[in-house]
Amino acid sequence: MTTVHKDLSERLPMYNRTLYLQVKDVLDENKAQRHIRGGIATRRKYKGV
C-alpha cells in the first residue's frame, strides 16, 4: 500500500467523509480490475504486440 492509498483510505474519512466515499468507489473499482490489466500487459509482453 502506498502512502497515497493509505492517506485516501485511512486519513481522508477523518477530514471529509463525503469525499472519502467517492474516492473509495474509484479505488475499489480499480482494485477489482487490476488483475485483468496485469494479465493483458503480460500477454502483450510475450506476444510482442
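Dipole magnitude for the chain: computed about the Cα centre from +1 point charges on Lys and Arg Cβ and -1 point charges on Asp and Glu Cβ, it is near 420 debye. Counting only alpha carbon atoms, the long axis of helix 17-47 and the longest principal axis of the chain meet at about 10°. In the chain, taking the dipole from charged Cβ atoms about the Cα centre, the farthest positive-side position among L19, G48, Q33 is held by G48.
Only the coordinates and a few stated rules stand behind these numbers; no lab work does. Given the structure is predicted, the values throughout are model-derived calculations rather than measurements. Because the Cβ atoms are built from the backbone with ideal geometry, glycine has one as well, and the counts that use them run over all protein chains shown.
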